[in-house]
Amino acid sequence: MCGGFTCSKNALIALNVLYIVVAFILIGVAVYGRAASLVTNLPIIGGILACGVILILISVLGLMGAVKHHQVMLFFYMLILFLLFLIQFSVACACLGVNESQQEQLAEQGWNRVNNATRADVQNTFTCCGFDSDVDKMVLPPSCEDVVMRCCTDSAHLNCVCPGCLDKLQSTINYAFKLCGWIGLFFSFTEFMGVLLTVRYRNQKDPRANPSAFL
């Protein structure tokens with residue numbers, strides 16, 4: 001029977017092994033981002049690494065509790081996993097609820113905070129010039145000579161003007177929020193399933209153990 005003690009134990013072990021694999025993927029992404037200089041914001045790298053390490057620690061706790069059928073370990077694992085579910089579910093809903101106006105404000109705030117070297121990298125990456133006409137009046141964008149040569153391939157159009165970075169940044173932010181939101185929702189529900197599975201497994205008796213040893 002799938003609802004038996006052995007099935008619940010194996011399912012909980014498999015779920016925690018999956019969490020460990022996901023944690024190593026997070027750590028690998030952070031290390032790759034630092035090694036390849038794809039991510040220059042150290043707090044972002046630190047956050048990714050912290051999530052991976054915390055997930056590994058929680059998974060190890062869950063594995064030990066599942067293998068030993070340890071009531072105290074399973075209780076703390078269940079409690080921490082439920083708190084993670086609440087946090088991750090709230091963050092995922094917030095990511096999916098961000099509208100275009102809020103995305104535009106986020107893009108504008110990010111553009112105003114970074115230096116001209118970062119703005120130049122954004123312009124080269126997205127083949128755009130400046131942010132928009134209103135923001136460019138207050139914050140002078142870096143030179144767009146290299147970008148103009150790429151976005152205006154026809155030499156006859158001497159008055160060609162590259163588009164601003166607002167639309168491209170907004171679409172990128174929208175994609176990132178939606179992706180993070182749906183992924184967060186998926187993993188939050190797996191965490192909720194882990195909580196339910198732990199509650200059921202914790203209340204089951206090990207058929208091979210001494211009945212008097214069950215708490």
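Values computed for the structure shown
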{"item": "Range of Cα positions in the stretch 88-186 per principal axis (Å), largest first", "result": "52, 28, 21"}
{"item": "Inter-label distance for V98 and V161, nm, one decimal - labels placed 7 Å from Cα along Cα-to-Cβ", "result": "2.9 nm"}
{"item": "Using a Förster distance of 45 Å, the FRET efficiency for F76-R113 (Cβ separation, nearest 0.05)", "result": "0.65"}
{"item": "Those aspartates and glutamates that a straight Cα-Cα span of less than 13 Å connects to K168, excepting residues fewer than 8 apart in one chain", "result": "E100, E104, E108, D132"}
{"item": "Karplus (6.51, -1.76, 1.60) ³J(HN,Hα), θ = phi - 60°, over the stretch 76-82, in Hz, Gly and Pro reported as x", "result": "5, 4, 5, 5, 5, 5, 5"}
{"item": "Whole-Hz couplings from phi, Karplus 6.51/-1.76/1.60, listed for the stretch 187-196; x for Gly and Pro", "result": "6, 5, 6, 5, 5, 5, 5, x, 5, 4"}
{"item": "Table column - 3J(HN,Hα) (Hz), the stretch 111-122, Karplus curve with 6.51, -1.76, 1.60, x for Gly and Pro", "result": "5, 6, 7, 7, 8, 5, 5, 5, 4, 5, 5, 5"}
{"item": "Added length on full extension, which subtracts the Cα-Cα distance from 0.36 nm per residue, V60 to K205", "result": "50.0 nm"}
{"item": "Stretchable slack from T172 to K137, in nm (0.36 nm times residue separation minus alpha-carbon distance)", "result": "10.2 nm"}
{"item": "Spatially proximal aspartates and glutamates relative to K68 (Cα-Cα < 13 Å; intrachain offsets below 8 disregarded)", "result": "D206"}
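Just so you know, all these numbers are worked out from the coordinates, no wet-lab data involved. In this text the structure is predicted, and so the values were computed from the model without any measurement. Reconstructed Cβ throughout: ideal geometry from the backbone, glycine too, with neighbour counts over all protein chains shown.
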